[in-house]
Amino acid sequence: MEKYLNEFAVGQKGKVKRITADGKIKRRLFDMGVTPNAEILLRKIAPLGDPIEVTIRGYELSLRRTEAQAILMEVESD
Amino acid sequence: MIKFALAGNPNCGKTTLFNTLTGSTAHVGNWPGVTVDKREGLYKKLAEKVQIVDLPGIYSLSPYTPEEVISRNFILDEKPECVINVVDATNLERNLYLTTQILEIDVPVIVALNMMDAVKANGDKIVIEELQKVLGVPVVGISALKREGTDELMQKAFELAQTKRNGTTILENTIVGPIIAKVKEALPQDLGSKLFHAIKLIEGDELEVKAHPEADKIATELKAQQPDDGFDGDYEAVVADRRYDYISVNFKKAIVKANKQGMTKSDKIDKVMTHRIWSIPLFLVIMFAVFHFVFSEDLLFMNAIFGLEIKSETAVNFFTGMGYEGEPLGGIPSLGVFLQSWMGFVFDQLGELFGLFMSTDTWYGALIIDGIIGGVGAVASFIPQILLLFLFISIMEDSGYMARVAFIMDRAFRKFGLSGKAFIPMLMGFGCSVPAMMAARTLEDTCERDRTIRLATCFSCGAKAPIWAMLAVVVGGFFGDIFVFTIYLLGIVIAIVSALIMKLFGKNHDVPPFIMELPAYHAPQFKNLMAHLWEKLKHYVVKAATIIAASTVVIWFLSNFGWAFWNGMVEIENSILADIGRGLSYIFYPLGWAMGADGWKYTVATLTGLIAKEDVVSTCELLGLASGAIGLSTAGIYAFAAYNLFTLPCMAAVATAKGESTKKGFWVTLAWWFASSYVISLIIYWVLELYSVAVWAGILVTLVLVAAIVASGIVLSRRIKKYSKE
């Protein structure tokens, strides 16, 4: 099943399929290791509902929902 | 002298390594044109002295952040003899991504595999020989913290520095390989690091495309001829993907992971610190505790609760240093207040010492004792509090908590065009604007940094408190408390409104992205903390002190001499400053408080407030306006308070703002301070005066604000409920 990362629930896991952002945000995502086939686990949502915290390539990354919206995922497990 | 550059991700222990290598020889300079620190130091244990340059922490050599551009230009243009790529061994995958880019430059590279002690503690193992084989450059396992392997690292780097190295790339056997070869040929003959430039051109890097348009044409053509492999011809994506691919395939063998079970210590701490409901209250409690220890005059509220107090007449000498003016201290002071009083005491003693040799009746005696020692002393007395505040902030930063603060506060701040990271500097503004502005450095976006500095003064600082206290006495009794409270609230409201205005009319509409690493928690290192504090201290003393000393002397001169200054000193009523005050008071007529016979006195008080905000009070006293004699209506008092709250802060803060802002941003900030204080003071005076319900208006404002806070609390709790359901 395909889903954007911002639609994930806490504890859900998946693989990156595609990045739909442009320019600076796209590059930043790539540089932080958010590339196709990278595994991402949604760890936590901030107290006010945004941003979110994910585990990727063995470290913790925080990003906003608007940025997560640009990451198309293949859902692996709940 | 040979030069080594330290390059690596943020948080990879680069600074620790730098401190270990250079000891106390480090000094901080500014990069030309950009306000990012370059740190340089000397390593002396080799046959030859080596200059170590600490480049800013980066994740990539892309052209999007100033740090990245600086690092890549340094390596390309300054041609260090060797690049020491510091790699966090506990997070190899992402760290090596930068390594694959650095290797493409024609420069000797050595990889310092840092935090090997942490790897061992986790029970993992890294096969260094394997890594070395894949990377093709020497790899040395070190622990910068425990000083293990650093000498070996430097020895190897030194040997490497005698050699030459041509760039290598892991992209050679990918679909990009053939294109790289052809683009390389199209680049100018005499250009160094062709491989690096060619790859960046293929990625469509703005800087390279501008520098080599012909080669870019060829690159674009070649890319168009390639079959699509699912990236829609987006070579930035292809290259990043191949790098990570290569790393995860080739370095698996080098890492032997122990089978870990359960949560790490860092996870456990994080569970509490970023808890859905408790994280925000917890953060507020932590911040309150910090402020309490730095600024409270009644430690742990022991006076308020138990009536415990120190009276200067009964206290031992050690404490009388603190209450040397003879007033009862009314409670045990916090460490910050205690040290501040001592600092003031020391400068007073210094003044008295000079008083033995010269009289303040002579012009030079007055200049040295009242002008220089008094003025510099007023500013220097803040040093202990600034350092203490920074000690706490550095602990929060080093431990990894600061990143979480940004994480939990981001949502609230984004509405005002700022990110969560802006919260700390603003909060610190309640203590002192100087450290607040310095703390704005943690903000990556220069525009956001400028705005945060601009708004830091809205949060009424410790030195402004005496002004409110003086005015509160005039307002009187119960309303005095409400007056002070509304002034603080007014500051917060104006800060929010200002942020919104800047968001609406500012050039930069986007909030900078928040794609940020949340580093694992670890105990802060004493040595690093001290290095941090030393840097801040130097910054404050050197940069601010020059401007402060000069401006202090100027204002001292203006307030002690008449136009015929060769005739000697005069009373302040007859001074140049008084005349300037009389002249300027016309400008302030519309604000209410500058009218009448005493109007010029308020103007002069405001001017002397530029040295230090406490001077507003001392000048008022000097001019006979003390407490009872203030002849202003409540509207006038509010307007006067508002003007002093929002106008130019003291010289120390102005100097800091200049040092920390961009050039343009600083001038906008100055204009903003002048304009906003005038407009706000004007509105307040006329609104209150016209309806002549001054105090009630203040109460009304309070009620509206309390209602707003309660309402946002309700909205907040609903949000939390909504998200916890999800």
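Taking the square root of 5 times each eigenvalue of the Cα gyration tensor, what semi-axes in Å does the equivalent ellipsoid of chain B have, largest first?
Working: eigenvalues 577, 167, 147 Å².
Calculated on Cα positions only, the semi-axes equal 54, 29, 27 Å.
Once the Cβ-Cβ distance between B:Glu573 and B:Glu444 is put in as r, and R0 is 51 Å, what FRET efficiency do you end up with, to the nearest 0.05?
Working: r = 51 Å, r/R0 = 1.00.
Given R0 = 51 Å and the Cβ-Cβ separation, E is 0.50.
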Tilt relative to chain B, helix B:694-725 - C-alpha long axis, 0 to 90 degrees, to 10: 30 degrees
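With a Förster radius of 56 Å, plug the Cβ-Cβ distance of B:Asn73 and B:Ile587 into 1/(1 + (r/R0)^6) and report the FRET value to the nearest 0.05.
Values: r = 47 Å, r/R0 = 0.84.
That pair, B:Asn73 with B:Ile587, gives E of 0.75.
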Chain lengthening between B:Ala707 and B:Glu185 when straightened (0.36 nm per residue, less Cα-Cα): 181.0 nm
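Calculated from DSSP H runs of 4 or more alone, at -39500 (n - 2.57) each and per residue, what is the 222 nm mean residue ellipticity of chain B, nearest 500?
Values: 34 runs with 414 residues, N = 726.
After summing the helix terms and dividing by the residues of chain B, the value is -18000 deg cm²/dmol.
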For region B:188-294, alpha-carbon Rg and Dmax in angstrom: 24.5, 67
Sorted by Cβ density within 10 Å, fewest first, the residues B:Met402, B:Met516, A:Met1: A:Met1, B:Met402, B:Met516
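Can you give me the orientation-averaged projected area of the convex hull built on the Cα atoms of the protein assembly as shown, in nm²?
Dividing the Cα hull surface by four gives the mean projection, 39.5 nm².
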Cα gyration tensor, region B:324-437 - rounded (a/c under 1.5), prolate or oblate: prolate
Within chain B, percent of DSSP bridges classed antiparallel, to nearest 5: 40 percent
Set of lysines near B:Lys182 by C-alpha distance (under 23 Å), chain-local residues within fewer than 8 positions excluded: B:Lys194, B:Lys200, B:Lys210, B:Lys217, B:Lys223
Label-to-label distance, nm, for residues given as B:Trp342 and B:Met358 (7 Å Cα→Cβ offset): 2.9 nm
Cβ-based exposure ranking for A:Lys24, B:Lys421, in which fewest neighbours within 10 Å come first: A:Lys24, B:Lys421
Exercise: per-residue mean of other protein chain Cβ atoms within 10 Å, B:398-407: 2
Derived scalar couplings ³J(HN,Hα) [region B:106-120; Karplus, 6.51 cos²θ - 1.76 cosθ + 1.60; whole Hz; x for Gly, Pro]: 6, 7, x, 10, 10, 9, 9, 7, 7, 6, 5, 5, 5, 4, 4
Protection-proxy order for peptides B:404-417, B:659-672, B:352-365, B:430-443, each taking the mean of Cβ atoms within 10 Å per residue, highest first: B:430-443, B:404-417, B:659-672, B:352-365
Over 26 Å between alpha carbons, listed pairs A:Lys3/B:Lys721; B:Lys14/B:Lys257; B:Lys133/B:Lys156; B:Lys44/B:Lys125: B:Lys44/B:Lys125
Neighbourhood charge, 15 Å Cβ-Cβ cut-off, centred on B:Ser498 and excluding it, Lys, Arg +1 and Asp, Glu -1: +2
Distance between modelled label sites at B:His292 and B:Ala549, nm, 7 Å Cα→Cβ extension: 4.0 nm
Histogram of C-alpha separations across region B:604-678, 10 Å bin width, %: 19, 44, 26, 10, 1
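How many partner chain Cβ atoms sit within 10 Å of a residue's Cβ in peptide B:240-253, on average, as a whole number?
Details: counts 11, 7, 1, 4, 9, 4, 0, 2, 5, 0, 0, 0, 0, 0.
The shielding value for this peptide is 3.
Test of understanding: ordering B:Thr90, A:Thr66 by Cβ neighbours within 10 Å, fewest first, what list do you get?
Working: B:Thr90 21, A:Thr66 16.
So the ranking, lowest neighbour count to highest, is A:Thr66, B:Thr90.
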Inter-probe distance in nm under a simple model that places probes 7 Å from Cα toward Cβ, at B:Lys164 and A:Glu7: 5.7 nm
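Using unit Cβ charges (K, R positive; D, E negative) and no other charged atoms, how large, in debye to the nearest 20, is the dipole of the protein assembly as shown about its Cα centre?
For this selection, approximately 1700 debye.
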Chain A - Debye-derived log10 I(q)/I(0), Cα point model, q = 0.13, 0.25 Å⁻¹: -0.31, -1.26
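Please work out how much length the chain gains when fully extended from B:Ile501 to B:Leu670, using 0.36 nm per residue of separation minus the C-alpha to C-alpha distance, in nm with one decimal. Walk me through the numbers before you get to the answer.
Working: separation 169, 0.36 × 169 = 60.84 nm, distance 1.63 nm.
Answer, rounded to one decimal: 59.2 nm.
Grab the other residues whose beta carbon is less than 12 angstrom from that of B:Thr360, score K and R as +1, D and E as -1, and report the net. Before the final figure, lay out the partial values.
Working: positive: none; negative: B:Glu352, B:Asp361, B:Asp370.
Neighbour charge sum, excluding B:Thr360 itself: -3.
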Crossing angle, helix B:526-538 versus chain B [Cα axis fit, 0-90 degrees, rounded to tens]: 60 degrees
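Report the full-extension gain for the segment B:Leu350 to B:Ile2: residue separation times 0.36 nm, less the Cα-Cα distance, to one decimal in nm. Show your work: numbers first, answer last.
Details: separation 348, 0.36 × 348 = 125.28 nm, distance 4.59 nm.
Roughly 120.7 nm would be gained on extension.
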Those residues of region B:374-417 whose amide nitrogen sits under 13 Å from the label point placed on B:Ile277, 7 Å along Cα→Cβ: none
C-alpha long axis of helix B:401-414 to longest principal axis of chain B, angle in °: 70 degrees
Extent along principal axes [Cα atoms of region B:2-161; Å; largest to smallest]: 45, 35, 26
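Every number in this text was worked out from the coordinates using simple rules, so none of it is lab data. As the structure is a prediction and not an experimental result, all values here were calculated from the model. FYI the Cβ positions are ideal-geometry reconstructions off the backbone, even for glycines, and counts take in every protein chain you see.
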